[in-house]
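Report on one structure; see the data block that follows.
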Amino acid sequence: MTTGNDQKATLSYGDQKIELPVVVGTEDEHAIDISKLRLESGLITLDPGYGSTGSCSSSITFIDGEKGILRYRGYPIEQLAKKSTFLEVAWLLIHGELPKADQLADFTSKVTHHTMLHEDFGRFFNALPKSAHPMPVCAAAIAALATFYQEPETDQKVEETIIRLIAKMPTIAAYSYKHSLGQPNMYPSNNLDYSSNFLHMMFGTPCDDYEVNPVVAKALDMLLILHADHEQNCSTSTVRMVGSSRANLFASISSGISALWGSLHGGANQKVIEMLEAIAQEHGSADKFLQRAKDRDDTTRLMGFGHRVYKNHDPRATILKGACGDVINSLGGSSQLLEIAMRLEEIALNDDYFIERNLYPNVDFYSGVIYQAIGFPVNMFTVIFAMGRLPGWMAQWREMRADPAFRIGRPRQVYTGATERAYE
Ligand code: ACO
């Protein structure tokens with residue numbers, strides 16, 4: 001990030017002329033630095049939904065929404081999805097570089113050996129209703145980990161917490177599912193890689209020898225990579241905001257999971273499948289559904305479409321669309337929902353309403369089709385998104401805490417309520 005004397009913006013307001021520095025990122029993104037604006041002029045800016053507000057500078061993820069570009073630490077998402085593994089990408093996001101072979105081996109070994117939950121944690125799951133949605137269960141469980149590992153936050157302890165969270169998140173996610181079924185939990189297996197172990201804990205039982213399908217494990221690993229970071233979205237900004245009060249990593253991540261749950265954010269993947277199933281029940285009537293999505297008097301939206309940043313194809317959706325067929329074919333499942341999704345996409349991309357508003361499929365449009373083909377229940381979809389996003393949240397949290405410009409997050413407001421009045 002650079003600043004220079006020749007790069008200034010001037011704001012005129014009444015008699016005031018305020019000079020504001022302009023900062024430039026490594027991809028030539030220009031931003032007016034207004035951090036001293038109130039101090040110098042008494043003015044604040046107003047930007048509901050933060051569409052024009054940069055909350056931080058960051059070197060983790062780059063998105064060019066107009067061109068449909070996504071890169072983690074400079075590496076294009078297409079290359080990482082094809083060549084990397086989730087744990088390698090997690091390291092990359094957190095440490096800034098791809099790990100050397102010995103670093104990856106050490107990291108993998110540590111994650112593998114921290115997957116178990118304290119036996120007392122069983123009481124936590126038993127206290128919750130079996131009908132609970134796994135998202136609040138996971139959010140609560142991650143927050144509860146802070147009661148088992150209350151430690152001062154030295155750099156070394158933060159590293160340990162990062163390992164613990166990556167290691168235990170799949171165990172927590174799988175236990176929340178097993179709890180809802182009333183089935184015994186499956187202990188993690190140290191002989192399996194990260195994604196295979198999650199499949200083993202989800203679908204294995206003590207009564208059978210569940211064999212992980214390597215095609216499925218690879219597809220899941222790629223899904224996790226695609227979700228691993230997405231710069232300052234709603235849940236990541238939440239993690240940064242909570243962490244900015246010096247709340248610990250467990251509390252910050254738990255808040256991020258809660259933010260992700262909403263249907264306009266990560267919860268959309270569940271809503272997409274529900275939408276596709278509803279269309280299938282109506283004998284595939286995609287047109288009728290799209291009419292409702294376009295009607296301003298109807299709150300229906302085409303779930304999995306549109307994005308605050310992407311005004312072009314979301315590259316993650318393009319990768320997933322390509323992977324859907326392979327996974328479904330290898331599992332021998334039905335492609336009815338995929339066919340409906342592709343038909344919806346085709347109609348929407350040729351419809352003036354969606355063209356005028358630059359609405360394209362986002363990551364959630366096709367991810368649910370793959371999750372469903374694998375056999376995940378719909379209410380686990382967003383939990384898997386959270387598993388994938390975890391390293392990104394932690395990389396962002398750590399970057400924020402190490403930033404010399406780090407201050408508690410505290411936006412201002414324009415007050416529009418009653419002026420002073422007497423209590424009589
Ligand atoms: N279906 C129908 N219309 C839509 C959709 C959609 N999916 N998305 C946006 N629009 C319309 C809006 O009605 C609005 O129309 P108008 O200008 O006539 O009022 C216009 O497009 C702009 O929409 P906004 O809501 O202002 O866009 P914003 O950037 O605030 O919202 C969001 C982005 C929340 C993702 C939105 O596109 C949406 O609700 N999509 C469906 C939910 C979804 O898929 N969420 C997942 C996002 S990806 C992620 O978080 C992982």
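The values are calculated or read from the model by the stated rules, or taken from the named source; none is laboratory data. Keep in mind that this is a model prediction, so the values were computed, not measured. Note: ideal-geometry Cβ built from the backbone for every residue, glycine included; neighbour counts use all protein chains shown. Side chains are part of the model used for accessible areas, which takes the heavy atoms of the whole protein and leaves out ligands, DNA and RNA. Shrake-Rupley method; radii C 1.70, N 1.55, O 1.52, S 1.80 Å.
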What part of the accessible area of the chain, given as a whole %, is carbon or sulfur when the probe is 1.4 angstrom?
50
If Ser57, Ser189 are ordered by their accessible area, calculated over protein heavy atoms with a 1.4 Å probe, which sequence runs from highest to lowest?
Ser57, Ser189
Return the lysines within reach of Lys83: Cα separation strictly under 26 angstrom, same-chain partners fewer than 8 residues apart disregarded; answer none if there are no such residues.
Lys67, Lys100, Lys110, Lys168, Lys218, Lys321
Any idea what the dipole of the chain comes to, in debye rounded to 20, about its Cα centre with Lys/Arg Cβ at +1 and Asp/Glu Cβ at -1?
660
Tensor-based shape of the stretch 268-374 (alpha-carbon gyration tensor, a/c under 1.5 rounded, otherwise prolate or oblate):
oblate
Pull up the cross-link candidates among the lysines for Lys17, meaning alpha carbon to alpha carbon under 26 Å and not fewer than 8 places away within one chain.
Lys8, Lys36
In square nanometres, what is the average projected area of the Cα convex hull of the stretch 52-115?
5.8
Inter-part gap, Cα centre of the stretch 116-165 to Cα centre of the stretch 167-233, in whole angstrom, is 17
Where only protein heavy atoms count, and the probe is 1.4 Å, what is the accessible area per residue for the chain in Å²?
52
Taking the chain and counting helices only, DSSP H stretches of n ≥ 4 at -39,500 (n - 2.57) each over all residues, the nearest-500 ellipticity at 222 nm comes to -16500 deg cm²/dmol
Along the charge dipole of the stretch 207-337, which of His227, Ile273, Ala251 sits closest to the positive end, that is, farthest toward it, with unit charges on the beta carbon of Lys, Arg, Asp and Glu (+1, +1, -1, -1)?
Ala251
Return the single residue from Thr112, Thr53, Thr318 with maximal mean-square fluctuation; model: Gaussian network over the chain, springs between Cα atoms under 10 Å.
Thr53
What is the percent of Cα-Cα separations in the chain that go past 27 Å?
56
